[in-house]
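First up is the structure itself, then whatever we jot down about it.
The values are calculated or read from the model by the stated rules, or taken from the named source; none is laboratory data. Predicted model, so just to flag it, every value in this text is computed and none were measured. Here the Cβ is made from the backbone with ideal geometry for all residues, glycine too, and neighbour counts use every protein chain on show. These accessible areas exclude ligands, DNA and RNA; they are computed on the full protein's heavy atoms, side chains included. Shrake-Rupley method; radii C 1.70, N 1.55, O 1.52, S 1.80 Å.
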Amino acid sequence: MTNFYFIDSNIIIGYCNPLDIFHDVSVNFFKEKDKYHTFLLFSVQEEFYRKMEDEKIKFLTTILGRHSLLQFPKLQKIINKKQNKPIIQQSNFLKYIVHLFQKNKITEISYTKIIEIFDEYKQVLRSRFNNLIGNWIKKPYMNQHHIIYKDRDYLYYYNLLKSFIHRLDAIHLSLACYEVRRRNRRNRSQEYYFYTNDRDWLNKDLNSKIKIRNLTIKKLNYKKIPLKKGFNPLTNSFNLDTYEYIPDNL
């Protein structure tokens, strides 16, 4: 029996962003999985790129705020003023953007420096993403999305799931259901696992609602590492929780 894998965007983001608190977990997770048996859902790819752009906008509006492009204050002064906001503390992307400023020893913000940092940010994340998914199965095909979104099987699962989880997650899962149902017409001996770091998917028992025998939703498995803290560029200190991947050997 052969195993195949669908991957939620939160695990891919954790892999691509080196300052994500689940980066090491995601890296070790992907080492365990067969890259030739892993699917890239086009909706997950779209969400990844959209998330990258949204976080750039969030940096400009939430971190920098209303400043003249020619009169930005020092980076650390802005961070000190904003760092207690929950949106700052919870955003691994904002931590990474700040890290790039620090890595490049940029203390005085300017419009030119912002463009340079955003170029590096985009290049690094896109490169990590492309290297990760290079050998994955790109199905369903991106150029078929208009047809798939009208397909009876897809719509059945989407209408079922959208009342339990938010719209993007419902799309991801419905596309996986569509693909598995399609492949089951040819071969029912394969097992499919949809991995996520969203505990809500398990709490709402979506497996029992989907009811596809050989498709199982699984939570990314990890544990917190006691007494070990990760570096937080927003506070310039080691105060972030760290986690270790627990293999599931599937």
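Contact map, segment 221-237: residues that are among the hydroxyl-bearing types (Ser, Thr, Tyr) paired with residues that are modelled with pLDDT under 90 and part of a loop (DSSP other than H, G, I, E, B), Cβ distance under 7 Å, separation 6+ or inter-chain. Pairs shown: 235/83. Considered as a group, the residues in segment 3-35 that are basic (Lys, Arg) and in a helix (DSSP H, G or I) include one that is most open to solvent (accessible area, probe 1.4 Å), and that residue is 31. For the condition modelled with pLDDT under 95 and either assigned to a helix (DSSP H, G or I) or open to solvent by 80 Å² or more (accessible area, probe 1.4 Å) (or both), residue 106 does not qualify.
Would you check if residue 97 is part of a loop (DSSP other than H, G, I, E, B), among the hydrophobic types (A, V, I, L, M, F, W, C), surrounded by 12 or more Cβ atoms within 10 Å (Cβ to Cβ) and modelled with pLDDT of 85 or more? No; evaluated as a whole, the condition is false for this residue. Selection of segment 191-222 for residues being under 16 Å from residue 10 (Cβ atoms) and either among the polar types (S, T, N, Q) or out of contact with any Phe, Trp or Tyr (no Cβ under 9 Å at 6 or more places or on another chain) (or both) yields 196, 197, 198, 199, 202, 203, 221. Taking segment 210-250 on its own, how many of its residues are β-branched (Val, Ile, Thr), assigned to a loop (DSSP other than H, G, I, E, B) and under 22 Å from the mean Cα position of the chain (by Cα)? Here the count works out to 1. When segment 161-205 is examined, which residues are found to be of a type in the set (A, V, I, L, M) and either crowded, with 21+ Cβ neighbours inside 10 Å or at positive phi (or both)? Across segment 161-205, the qualifying residues are 161, 171, 173, 175, 176, 180. Looking only at residues of segment 139-158 that are under 28 Å from residue 26 (Cβ atoms) and at pLDDT 95 or above, we find that the one that is most open to solvent (accessible area, probe 1.4 Å) is 158.
The residue pairs whose first member lies in segment 178-197 and is in a loop (DSSP other than H, G, I, E, B), whose second member is open to solvent by less than 10 Å² (accessible area, probe 1.4 Å) and not small (Gly, Ala, Ser), and whose beta carbons are closer than 8 Å, counting only pairs six or more residues apart or on different chains, are 188/214; 190/214; 197/8; 197/11; 197/220. Of the residues making up segment 62-91, those that are surrounded by fewer than 18 Cβ atoms within 10 Å (Cβ to Cβ), under 24 Å from residue 18 (Cβ atoms) and at pLDDT 75 or above are 62, 64, 76.
Of all residue pairs spaced 6 or more apart or on separate chains, those with beta-carbon atoms under 6 Å, a first member in segment 126-154 that is part of a helix (DSSP H, G or I) and a second member that is surrounded by fewer than 17 Cβ atoms within 10 Å (Cβ to Cβ) are 153/181.
Answer yes or no as to whether residue 235 is modelled with pLDDT under 95 and among the hydroxyl-bearing types (Ser, Thr, Tyr).
Working: modelled with pLDDT under 95: yes; among the hydroxyl-bearing types (Ser, Thr, Tyr): yes.
It is true that residue 235 is modelled with pLDDT under 95 and among the hydroxyl-bearing types (Ser, Thr, Tyr).
Hey, could you check segment 221-242 for residues that are open to solvent by less than 40 Å² (accessible area, probe 1.4 Å) and touching a strand residue (DSSP E or B) at 6+ places or on another chain (Cβ under 6 Å) and say which is farthest from residue 185 (Cα to Cα)? Of everything passing the filter in segment 221-242, 232 is farthest from residue 185 (Cα to Cα). Taking residues in segment 36-60 that are open to solvent by 70 Å² or more (accessible area, probe 1.4 Å), and partners anywhere that are not in a helix (DSSP H, G or I), the pairs with Cβ atoms closer than 7 Å and at least 6 places apart or on different chains are 36/135.
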